[in-house]
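Asks: Dropping a structure here in structure tokens format, bear with me for questions.
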Amino acid sequence: MSSGVLQTQGDATMSLNFKVLFPVLLLLAAVGGGSYWWYVNRDRLPDEIAYGNGRIEAETVQIATKNGGRVLEVLVDEGDLVEEGQLLARIDTDELQSSLAGAKANVAAARDLVASTRALAAQRESELKYAAQALQRSQTLVAKGHISQQEADQRQTAKETAEAALAAAQAQFNNAGSLVEAARAEVNRIGTLIEEAELKAPIAGRVQYRLAEPGEVLSVGGRVITLLDLAHVYMTIFLPTTEVGLVYIGAEARIVLDAAPGYVIPANVSFVAADAQFTPREVETRTEREKLMFRIKISIPAELLKEHIEKVRTGLPGVAYVMMAPGTAWPADLAVHLPSVK
């Protein structure tokens with residue numbers, strides 16, 4: 001009876017192992033099938049098509065502090081999709097808020113100074129007007145002999161003094177106006193720093209790395225988040241000199257990923273390096289010249305990326321194919337085939 005129980009347990013263990021291993025075997029078969037398809041078909045490609053291995057990459061954007069400070073909160077996690085303008089993190093602004101209050105007080109004080117200097121200038125202008133009238137009367141009285149020349153000279157001095165006082169008052173008024181502008185500019189500057197303490201996404205993309213956590217104190221330019229720009233996704237490959245001369249910007253291309261060999265992604269050449277990446281010390285023979293490799297960037301259209309944004313992943317290996325003869329039809333196995341959009 002015990003042997004029957006053992007046999008039953010053994011069968012159950014084998015069944016469990018099979019259930020666990022079966023999905024793994026299916027995955028390996030799919031990847032292996034894709035690799036086999038590539039190795040079998042690469043030698044049968046038309047001469048007009050060049051190909052190279054690469055990985056899916058995307059442009060990265062570093063989200064960093066402009067002025068440093070303590071991280072108050074980080075609102076996203078690695079792998080999250082974010083929209084342009086979305087709030088990603090906050091830096092503590094208590095010190096900036098205090099500075100802002102002081103700057104606003106300086107604006108109020110400068111405005112009061114403007115009001116007082118304006119009143120003083122008006123007073124000095126009135127004094128000058130009176131002194132000018134008194135001088136004019138004294139000149140008439142001197143001509144008639146009613147007052148002495150000395151008294152007329154005193155009134156001339158009083159007028160000149162009033163003119164100087166008015167000029168000084170107007171200078172103080174102008175200076176007070178400048179102080180108001182400077183105080184306002186300081187308020188705007190600090191306000192901008194407070195706004196920039198809220199780190200927002202400059203683009204729509206995916207969070208690749210979360211580099212800082214709440215409580216950390218960052219210096220100027222401290223990185224908080226790395227974003228992947230999913231509107232600029234590409235694969236970099238290398239082609240030899242015998243082929244790169246026929247490749248041009250905008251040329252049609254196709255990308256087939258190892259993880260999904262059944263799909264063919266349309267793309268275009270967006271960059272062709274002007275210089276070789278691998279150069280022998282002495283390039284003398286034709287064989288050595290063929291060792292030169294040039295970097296080519298194969299970009300996926302932004303509209304297509306947006307349509308399949310949830311499925312876009314970087315780091316996936318695959319093969320990119322480039323059409324070197326414009327107008328030539330693609331082979332059937334490289335016809336565009338994309339996953340359905342749900």
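The values are calculated or read from the model by the stated rules, or taken from the named source; none is laboratory data. Because the structure is a prediction, the values reported are computed rather than measured. Neighbour counts are summed over all protein chains in view; Cβ atoms, including those assigned to glycine, are modelled from backbone coordinates with ideal geometry.
Asks: Does any residue in the stretch 175-198 that is not assigned by the TED database to the domain that holds LEU100 come within less than 7 Å, Cβ to Cβ, of a residue that is aromatic (Phe, Trp, Tyr) six or more places away or on a different chain, and which pairs are these?
Replies: none
Asks: Okay, next question. Out of all the residues in the stretch 180-196, which are among the hydrophobic types (A, V, I, L, M, F, W, C), surrounded by fewer than 17 Cβ atoms within 10 Å (Cβ to Cβ) and more than 26 Å from LEU87 (Cβ to Cβ)?
Replies: Within the stretch 180-196, ALA182, ALA185 qualify.
Asks: Could you please give the count of residues in the stretch 23-65 that are touching a helix residue (DSSP H, G or I) at 6+ places or on another chain (Cβ under 7 Å) and at pLDDT 90 or above?
Replies: To start, the set of residues in the stretch 23-65 that are touching a helix residue (DSSP H, G or I) at 6+ places or on another chain (Cβ under 7 Å) comprises 41, 50-51.
This time we only want the ones that are at pLDDT 90 or above, so: 50-51.
Matching residues across the stretch 23-65 total 2.
Asks: Do you know which residues across the stretch 48-96 are in a strand (DSSP E or B) and among the small types (Gly, Ala, Ser)? Give the steps one after another, and end with the answer.
Replies: Initially, the stretch 48-96 is screened for residues in a strand (DSSP E or B), giving 49-64, 69-74, 81-82, 87-91.
Result: ALA50, GLY52, GLY54, ALA58, ALA64, GLY69, ALA89.
Asks: Can you go through GLY262, GLY315 and tell me which one is modelled with pLDDT under 95, closer than 20 Å to GLY54 by Cα and outside any loop (DSSP other than H, G, I, E, B)?
Replies: Details: GLY315 fails: outside any loop (DSSP other than H, G, I, E, B).
Answer to the selection: GLY262.
Asks: On to the next question. Give me the residue from the stretch 197-247 that is of a type in the set (Asp, Glu) and closer than 30 Å to GLU307 by Cα and, out of that set, surrounded by the fewest Cβ atoms within 10 Å (Cβ to Cβ). Break it down into steps so the answer makes sense when it comes.
Replies: Keep residues of the stretch 197-247 that are of a type in the set (Asp, Glu), which gives 198, 213, 216, 229, 243.
After this cut, where a residue has to be closer than 30 Å to GLU307 by Cα as well, the list is 198, 229.
On the way: GLU198: 14, ASP229: 17.
The extreme case among them is GLU198.
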